[in-house]
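The values are calculated or read from the model by the stated rules, or taken from the named source; none is laboratory data. Just so it is clear, the model here is predicted, and its values are computed rather than measured. Positions of Cβ are backbone-derived with ideal geometry, glycine not excepted, and every protein chain shown enters the neighbour counts.
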Amino acid sequence: MAIPRDYFEWAAREFDPARIHEKPEALKGIRVLDLSVIYFGPATADFLGELGAEVIKVEVPGQGDVTRILGNASFFWKNISVAFFCANHSKYHVGIDMHATAGQELIRQLAARSDIVIENFRAGTLEEKFGIGYRQLRRVNPRLIYVANTGFGQWGPFSKGRASYDGLAQGVSGLTSITGDGDAPTKIGNYLGDWFGASMSALGALAALRWRDRSGEGQFVEMAQCEGLLRAMDWTWLYAGLTGRDRVKVGNGDHTFAPSGVYRCTDGYVALVAGTDREFQSLCRLIGQPGLAEDPRFKTHDARRRRAHARELDAPIAAWCRTRTRAQVEAAARRARLSAAPVMTARDHAENAHFRARRSVWEHEDPVYGPMLEYGPAPKLSATPARIKWAGKPVGFHNELVLKSILGLDDGRIRELYAAGAIGRWAEGRRGAAPPEGWKGEGGLE
Amino acid sequence: MSDRESRGDGRPWEEWIRSAEDPARVADKPEALDDLLVLDLSHGHYGALLTATYLAELGAEVIKVEPPGGDPARSWGPADAAINGEGLAFLAESRNRYHVTLDLGKREGRRLLRGLAARADVLVEAFAPGHLDGLGIGYRQLRALNPRLVYVACSAWGHWGPHARNQPAEYDLTDQALSGLLHVTGDPDAAPLKVGSWIGAYAQAAWASVGALSALHWRERSGRGQMVDVTGAEALMRYLEYSVLLYHASGHVRGRTGLYELAVFPYTFVRVKDGWAFIAGYTDPNFGALCRVMGRPELARDPRFSTTLQRTTLENEVALRAEIERWSVNYSAGEILAQVLADPGPGIVVFGPMNPPARTLGEVHWWERGCFRRVSDPVYGELLLQMPAWRMTRTPPRLKWACRPAGYHTAHVLHKYFGCGPAAITRLRSHGVI
C-alpha cells in the first residue's frame, strides 16, 4: 500500500521544532541530584534533564568536575574544555564540599527534596566515607530513587578496589575482541561504555519512577558499565555457549548481511549494506554489474555471506565508489532503494540540514558562553519534546539560587557556609572552573 | 522501604546490597512495568525488537505481532549456527514475549491489530515511515482509537526532516556511519572500523525506551499519549560527546586516533605478556599512581608528561605509550592487576585484560552477579543468555523465557483479548489472517 502523500507534512507538524519550547516537558517536577563526575553519571542526569527533570549538579568547590580541564590545547575555549558541556546541559551548578559536615548535611537536605540521586563513586564510598549513601538518604526520603553507576557493580569479586573507565569496559566485556580485524585491538573512538551505560541507567531510573508512580516506593538502581557493554553484544554469548567458540572478527563486514562494507570515495568514505536479495540485485544494476546477481557465488543470501564470497564483492563495489563523491553514492543508492550513508565527520554534522532541522545538532545561545553548537537529545517526542535550555556553567554558579529556592536558606546562613568552606564557587582564575575572560555577571542569579 | 529491607541496616554496605539485589530472589519481587501492554510490531528491525525486549525485561506484557511467515529477523545471526532454523541474533533478544501472527495486509488482520492497539499502552514499530499510516493503522488513526497510546517509531532517518522521504532500510553499519562514530574509530591512516556488535540498535532501543517511559510518566498527569521518533544514527550521535562543539569552537574536525586519545592519556591498550590490556591513569594523581606501579616515579615529573595538557599532545602520547609498553610486556595481565590492586595510593590505575568472549565467560564475577544464565528451554534446548543489565532492589528485571516460534501464542492472545475460541481461531487460520 502506498504511503499517503500528506504523511510527512503531518509528521513535520506534529514534531515542529519551532514549537519545542512552547510544549510541556515529560519529566517536569522531577528533581535529580547529580553527585557524579566525568561522563557516566553526569550523562545519566543530563538525559533526564533533557526530558524536563530539574538537575542539580554538585561539584567540588574550586576546581569542579575533571571534564572541565580535559584535553590538549585545542579543547580549550572560553577558559574551559569543550569536553565538559556534552554531559551538563540545563543544570543548576552548586559547589558543595562533601568532606565538610555541613556539606554532607546540605546533601541530605537536597536529597530529602529530590526524586532521584545519581552517583558514580566506587561502591560504598558515599555511605562509608561521607554518610550520604542510599541507606542514609532513604531515611530522609523513603520515595528516593538512588541510581549508582560503577564499572563492575556494587558487589562481587571485581567490585572491590577496582575502578573503571569506558575503555576498560570495552576490553573486559569482550567487545574489543569482536571489533575490527586482525589481532591488535581497535579502541572504539568515543566513550561508548559511559554513554551507552548512561542511557541504560536513565532507563533504569525511569522504570523505577514508573514503579514509584504506581506504588509510592523508591528503590536502589544500579548500572555497571562493563555489564552494559556485555549486554550489548547481541549473539556473542549464545554462540559461545552453543559452539564453544568465540565469534570471528569481520571488520566492516557483517555475519548476517552481505555485502557490507566501508568504501573510499573522492571526498571521504561511505558505508554500504545490501542485506536482502532485492537490495543486492538493485546494487548490481547500480554498479553496472547485473551479471553478479546471477553468479552462483552471489545468487542467494547464504552464498553471499560466506566470507570468501563477501570479500569478492568488495572489489567491484569499491571500484564504483572510488570515482564518486559520498553524496553521489548516497543519492544514487537512495534512488535504487539501497542503504548507503556517508561516514560523517563533525563538520558534516554541523552542515547537515536534516540533523540540524531535527535538533540532533542543536544551536543555542548561552548568556555565559555565547553561541553553542552541540549534539541534541536523541529521542524525538511529539507532545513533550526533549530540549537544551542552557549550557553548563562555572562551578557553584547557582549556589544562591538553589540554596534559597529549594532549602530556603537566607543570605546570612549562606555567608556562614561559604566562610566554613562547606560551599564554594570556582577558584579565581582556575581554568575550566571559572567563567570566561571578560564575563561581567551575565546569567548570574542571586 | 519494606520492613525486611530496613532490617539489618547495621550490616556493611556490600553485604547489605548483595542481599538486597540477590539474583536468586528476583522472583519474590514485583515488576516495575507489569501494568503495561506493549505491542511489538518490529519487522526486520533489531532496534525495535530490543526496545520491546527492555520493556519486557522490566515487566511489561509484550505481544510480538509477526506476519504469518514470521519476522524476517528470525533468520538473522551467524551462518554457522542456528537452532530449529532460528538465527542466534533473534533468539538472543526475543525473550519474555507472546508471539502472535497477524496478516496486516488483510482487513481482518488490521481489525484485530486495532483491537489490541485500543488497549495497548505502547506500540513499537519500524516499518518504512508512513507505511502503517497507509494501511490505516499508523499513529494518526490509532490515537483516535486510543488517545493514551505511546507510539514508538524506529527508522534510519526519522519520520520528519528534509531527508525523511524515500529513505532506505536501516542497518547498523549505516547508522554508525551517519552518527560520526565510524569516523572516529580505527587508525588514522586506514579506513574507519565499526563496532563489532549491532551497537546502533542497542542505543536506539535504549533511547526509544527512555522516550516511551518518559511519555508514560507524562501520561500519568496529562492523560495523553504521544509519538516517539528514534533513529539509530541519532541514538549514537548523542554519544559523540564534544565532536561538534570542538568543531564549532576551534574548527578542528575530530578524526581517528587509533590507540591514542585527544582528551585523556594514558587511556589505551598495551601489549602484556599474555595478550593485550587496557590501562589508564590520566588525571595527575592517577598518572602518579601509574608511574609508581611501573616503578618509574620520575616519569610523573618528566616535562613531557607532567600535566594533562602535556600528556595529550600526540607526540608525547606516542612516547608515553612506548614507555608503558616497555614495562607491561614483561608481565601477564593478572600480574599487573595484582600490582595495581596492591598499590596504596594516592591515585588509582584503571587496568584490565582485553578479554576474548570465552575468557569473559570464565570469570566468576559475572556469574555471581547473574549477568549470564544457562537455561534449558522446552523449544530451543540449552541456551546461554545475557541477562538484563540493571539491578533494582525493589523491582528487579528478569528473564522469563527465551523466545517462541512465530504464532506460538496466537490462540492464547486472541482468546484473552477477543474471546476467540477454537472455532473462531480455525476460521481466522483458514482465511490466512493468522
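Would you point out which residue out of B:Arg394, B:Arg359 is crowded, with 17+ Cβ neighbours inside 10 Å, modelled with pLDDT of 95 or more and not hydrophobic (A, V, I, L, M, F, W, C)?
B:Arg394
So which pairs qualify, if the first residue must be in region B:290-309 and free of Cβ contacts under 8 Å to residues at least 24 places away in the same chain, the second must be in a loop (DSSP other than H, G, I, E, B), the Cβ gap must be under 7 Å, and the two must be at least 6 apart or on different chains?
Short answer, once both residue conditions are applied: B:Ala300/B:Ser306; B:Leu309/A:Asn72.
Yes or no, residue by residue, for (1) surrounded by fewer than 24 Cβ atoms within 10 Å (Cβ to Cβ); (2) under 24 Å from B:Arg238 (Cα atoms); (3) out of contact with any strand residue (DSSP E or B) (no Cβ under 6 Å at 6 or more places or on another chain); (4) without any contact (Cβ under 8 Å) to a residue 40 or more places away in the chain:
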residue	(1), (2), (3), (4)
A:Gln154	yes, no, no, no
A:Ala163	yes, no, no, no
A:Ser173	no, yes, yes, no
A:Asp181	yes, no, yes, no
A:Gly189	no, yes, yes, yes
A:Ala198	no, yes, yes, no
A:Trp211	no, no, yes, yes
A:Gly218	no, no, no, no
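In the list B:Gly370, B:Gly407, B:Gly345, which residue meets the criterion of being at pLDDT below 95 and on the phi > 0 side of the Ramachandran plot?
Result of the check over B:Gly370, B:Gly407, B:Gly345: B:Gly345.
So which residues in region B:410-433 are touching a residue at least 24 places away in the same chain (Cβ under 8 Å) and either touching an Asp or Glu at 6+ places or on another chain (Cβ under 9 Å) or of a type in the set (Ser, Thr, Tyr) (or both)?
B:Thr410, B:Tyr417, B:Leu428, B:His431, B:Gly432, B:Val433
Tell me, which residue of region B:115-157 that is more than 23 Å from B:Glu220 (Cα to Cα) and in a helix (DSSP H, G or I) is farthest from the other protein chains (Cβ to nearest Cβ)?
Looking at residues that are more than 23 Å from B:Glu220 (Cα to Cα) and in a helix (DSSP H, G or I), I get B:Leu132.
Please give the number of the condition B:Thr283 fails out of (1) under 23 Å from B:Pro346 (Cβ atoms); (2) more than 10 Å from every other protein chain (Cβ to nearest Cβ).
Result: B:Thr283 passes all but (2).
Which residues, taken from region B:412-434, are surrounded by 17 or more Cβ atoms within 10 Å (Cβ to Cβ), over 36 Å from the mean Cα position of the chain (by Cα) and closer than 16 Å to B:Leu104 by Cβ?
Residue satisfying the conditions is B:Leu428 alone.
Here is a check on your reading of the model: is A:Ala12 free of Cβ contacts under 8 Å to residues at least 12 places away in the same chain and of a type in the set (Gly, Ala, Ser)?
yes
Would you check if B:Glu86 is away from every other protein chain (no Cβ under 12 Å), more than 18 Å from B:Ala208 (Cα to Cα), of a type in the set (Asp, Glu) and touching a residue at least 60 places away in the same chain (Cβ under 8 Å)?
When the stated conditions are applied, B:Glu86 does not pass them.
Only one of B:Ala52, B:Ala81, B:Ala92, B:Ala73 is under 18 Å from the mean Cα position of the chain (by Cα) and without any contact (Cβ under 8 Å) to a residue 60 or more places away in the chain. Can you tell me which?
One residue alone meets the criteria, B:Ala73.
If we keep just the residues of region B:98-120 that are surrounded by 22 or more Cβ atoms within 10 Å (Cβ to Cβ) and touching an Asp or Glu at 6+ places or on another chain (Cβ under 8 Å), which is nearest to B:Gly47 (Cα to Cα)?
Looking at the filtered set, the residue picked out is B:His99.
Go through region A:279-315 and report how many residues are farther than 21 Å from A:Arg334 by Cα, of a type outside the set (A, V, I, L, M) and in a helix (DSSP H, G or I).
Within region A:279-315, residues that are farther than 21 Å from A:Arg334 by Cα, of a type outside the set (A, V, I, L, M) and in a helix (DSSP H, G or I) number 9.
Restricted to region A:72-117, and to residues that are free of Cβ contacts under 8 Å to residues at least 24 places away in the same chain and buried (at least 23 other Cβ atoms within 10 Å of the Cβ), which residue is nearest to A:Pro436 (Cα to Cα)?
A:Val82
Checking A:Lys249 against (1) at the interface with chain B (Cβ under 7 Å from one of its Cβ atoms); (2) touching a residue at least 60 places away in the same chain (Cβ under 8 Å); (3) crowded, with 24+ Cβ neighbours inside 10 Å, which single condition isn't satisfied?
That leaves (3) as the condition not met.
What are the residues in region A:47-65 that are in contact with a Ser or Thr (Cβ under 8 Å, 6 or more places away or on another chain) and within 19 Å of A:Tyr369 (Cβ to Cβ), if any?
Once the filter is applied, which keeps residues that are in contact with a Ser or Thr (Cβ under 8 Å, 6 or more places away or on another chain) and within 19 Å of A:Tyr369 (Cβ to Cβ), region A:47-65 yields A:Gly49, A:Glu50, A:Val55.
From the residues in region A:145-173 that are more than 14 Å from B:Val349 (Cα to Cα) and polar (S, T, N, Q), which one is nearest to the other protein chains (Cβ to nearest Cβ)?
Here the residue is A:Gln154.
Going by what's in this entry, would A:Gln104 be described as away from chain B (no Cβ under 12 Å) and among the polar types (S, T, N, Q)?
So A:Gln104 fits the description; yes.
Determine whether region B:398-409 contains at least one residue that is within 30 Å of A:Arg212 (Cα to Cα) and without any contact (Cβ under 8 Å) to a residue 40 or more places away in the chain.
no
How many of the residues making up region B:289-298 are buried (at least 19 other Cβ atoms within 10 Å of the Cβ) and part of a helix (DSSP H, G or I)?
5
Please note which helices (runs of 4 or more DSSP H) are completely contained in region A:84-187 and include at least 3 residues that are of a type outside the set (A, V, I, L, M, F, W, C), touching a helix residue (DSSP H, G or I) at 6+ places or on another chain (Cβ under 8 Å) and under 30 Å from B:Arg256 (Cα atoms).
Because the criterion is at least 3 residues that are of a type outside the set (A, V, I, L, M, F, W, C), touching a helix residue (DSSP H, G or I) at 6+ places or on another chain (Cβ under 8 Å) and under 30 Å from B:Arg256 (Cα atoms), the helices (runs of 4 or more DSSP H) in region A:84-187 that meet it are A:166-173.
Take region A:212-236 and flag every residue that is touching a Gly at 6+ places or on another chain (Cβ under 9 Å), hydrophobic (A, V, I, L, M, F, W, C) and at the interface with chain B (Cβ under 7 Å from one of its Cβ atoms).
Within region A:212-236, A:Val221, A:Met223, A:Leu230, A:Met233, A:Trp235 qualify.
In the set B:Pro68, B:Pro78, which member is under 30 Å from A:Arg245 (Cα atoms) and outside any helix (DSSP H, G or I)?
Matching residue, one of B:Pro68, B:Pro78: B:Pro78.
A:Pro371 - would you say it is surrounded by fewer than 19 Cβ atoms within 10 Å (Cβ to Cβ), in contact with a helix residue (DSSP H, G or I) (Cβ under 7 Å, 6 or more places away or on another chain) and over 26 Å from A:Val250 (Cβ atoms)?
no
For region B:70-77, indicate whether the set of residues that are more than 10 Å from chain A (Cβ to nearest Cβ) and surrounded by 23 or more Cβ atoms within 10 Å (Cβ to Cβ) is non-empty.
yes
Return a yes/no flag: does region A:380-401 have any residue that is within 12 Å of chain B (Cβ to nearest Cβ) and either on the phi > 0 side of the Ramachandran plot or without any contact (Cβ under 8 Å) to a residue 60 or more places away in the chain (or both).
Within region A:380-401, none of the residues are within 12 Å of chain B (Cβ to nearest Cβ) and either on the phi > 0 side of the Ramachandran plot or without any contact (Cβ under 8 Å) to a residue 60 or more places away in the chain (or both).
For region B:158-182, which residues satisfy the criterion of being touching a residue at least 60 places away in the same chain (Cβ under 8 Å) and in a helix (DSSP H, G or I)?
Within region B:158-182, B:Asp172, B:Asp175, B:Gln176, B:Ser179 meet the criteria.
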